[in-house]
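Nothing in this text is a laboratory measurement; each read-out follows from the coordinates by a stated rule. Note that the structure is predicted; figures quoted are calculated from it, not measured. A quick note on method: Cβ atoms are made from the backbone with ideal geometry, for glycine too, and the neighbour counts reach across all protein chains shown.
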Amino acid sequence: MTVNQEIDDILRRAADGGRISADEALLLYTEAPFHALGEAADAVRRRRYPDNIVTYLIDRNINYTNVCVTACKFCAFYRAPKHREGWTHPTEEILRRCGEAVELGATQVMLQGGHHPDYGVEYYEALFGAVKAAYPQLVIHSIGPSEIMHMARVSAVSIEDAVVRIQAAGLDSIAGAGAEMLPERPRRAIAPLKESGERWLEVMEVAHRHGLESTATMMMGTGETNAERIEHLRMIRDVQDRTGGFRAFIPWTYQPENNHLKGRTQATTLEYLRLIAVARLFFENVAHLQASWLTTGKDAGQLALHMGVDDLGSIMLEENVISSAGARHRSNLQELIGMIRTADRIPAQRDTRYRRMAVHRTPAEDPTDVRVVSHFSSIALPGGGAGRQLPLVDAGTTSE
């Protein structure tokens, strides 16, 4: 069998819903013709979602502190303890931002921050409890395995105890934060103080066993090899086989500004789109695939809708972590819906669990709130922008 015949056979099997191996995925990623790869991935999407609907979310990322002891080389957000630019928001400020999010139609908040040396399980219990008490309608899709390990260490409790306690306090869902690259070599190169990829996945398994579902992510472009990218996918799929707890896979691209890596390597748009397509073919056990227009730009985000993607992510009313490293792609609700519609898909607003809240079958059904605009730079203001109101950008100023 020739290589071309082998690639055709793998694409056909994967498009029909069959499982492909990591070696086969690597062959597709490096050798498959681009259009054939995208066509096979889109066939998977059409079979899974024959109604042609692509979803989006309205949420707000709220950072409670930028103080962190982990010092990841790719991060431009964190400040070391006692740094003059370090800050922590009081609960009142976090609740104020939650209130703004609710006013603008958000259904989810992502509470994230650094690994503050003083913040154990008790801090997160109080934080999640306060948000749930004030805004019970908001889903708290927050933190990640790294924060869970850190809080357990600070409070001298087991991972399982930490998970049970923060879930009882109000945590609804765990973000895929901190995955970056799971294989050992690239992970040590960019985050030597962070837990191993295996340990990250172990914490996810604990959470899944307790009914806390999550997303899985991947950061491309920090010098990892093609084989290491595929190994990252394999590690996630193996856990998904055991737990079924990953709702979606969300790859994104490293942003090069204001961090120690300084952009020495980056993933190209073509590499990103090929990875997206291979992920749709490889993850026959993960329901949803999300494009990251925030890091790749809206053109690449829309192209990803033809490479197997069924979700375009969110209008983030606030986002600071990736933006501080240089991601400046902005959008608004009408523009995001337009991206979906002009890709010949039907837009629908979803909740955290991908349940459809409103399907916009015709343009006449599109929401018209011009206030729903992505916003990125509260940390560019003194004290993390405490007290500043949304929106800080107008719908007319959004740009690539």
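Using only side-chain charges placed at the Cβ, +1 for Lys and Arg and -1 for Asp and Glu, the dipole size of the range 49-385 relative to its Cα centre rounds to 560 debye.
Sequentially through the range 291-304, phi angles give Karplus couplings (6.51, -1.76, 1.60; θ = phi - 60°) of 8, 10, 5, 4, 9, 9, x, 6, 5, 5, x, 5, 4, 4 Hz, Gly and Pro residues having no value and appearing as x.
Shown for Asp369, Asp351: other C-beta atoms within 10 Å of each C-beta, ranked fewest to most, produce the order Asp369, Asp351.
Remark: spin-label model distance Ala22-Thr368 equals 5.3 nm, labels positioned 7 Å along the Cα→Cβ axis.
Compute the acute angle (0 to 90°) between the alpha-carbon long axis of helix 197-209 and the principal axis of greatest extent of the alpha-carbon atoms of the chain; round to the nearest 10°. Its long axis makes an angle of about 80 degrees. Close amide H pairs (under 5 Å, H built 1.01 Å from N) link Thr268 with no residue at least 5 positions away or on another chain. Both numbers refer to the Cα atoms of the range 1-157; Rg and Dmax are 22.5, 65 Å. Both radii come from the Cα set of the chain: Rg as radius of gyration, Rh as Kirkwood radius; their ratio Rg/Rh reads 0.95. Looking at the range 49-385, the DSSP beta bridges with both ends there are about 15 percent antiparallel. Counting other Cβ atoms within 10 Å as a rough exposure proxy, the listed residues Ser173, Ser146 run Ser173, Ser146 from fewest neighbours to most.
Normalising the Debye intensity of the range 23-107 to I(0), with uniform scatterers on Cα atoms only, and taking log10 at q = 0.26, 0.27 Å⁻¹ returns -1.21, -1.23. For the range 14-25, putting each phi into the Karplus relation 6.51 cos²θ - 1.76 cosθ + 1.60 with θ = phi - 60° gives couplings of 5, 5, 7, x, x, 7, 10, 7, 4, 5, 5, 5 Hz, in residue order, rounded to whole numbers and with x for Gly and Pro.
Length, then width, then depth: along the principal axes, the Cα atoms of the range 174-238 run 35, 23, 15 Å. When the charge dipole of the chain is built from unit charges on Cβ atoms (+1 for Lys and Arg, -1 for Asp and Glu) and taken about the Cα centre, the candidate among Ile346, Val286, Leu201 whose Cα reaches farthest toward its positive end is Leu201. Taking 1 over the mean of 1/r across every pair of different Cα atoms in the range 122-189, what Kirkwood radius in Å do you get? Mean inverse Cα-Cα distance, inverted, gives 12.9 Å.
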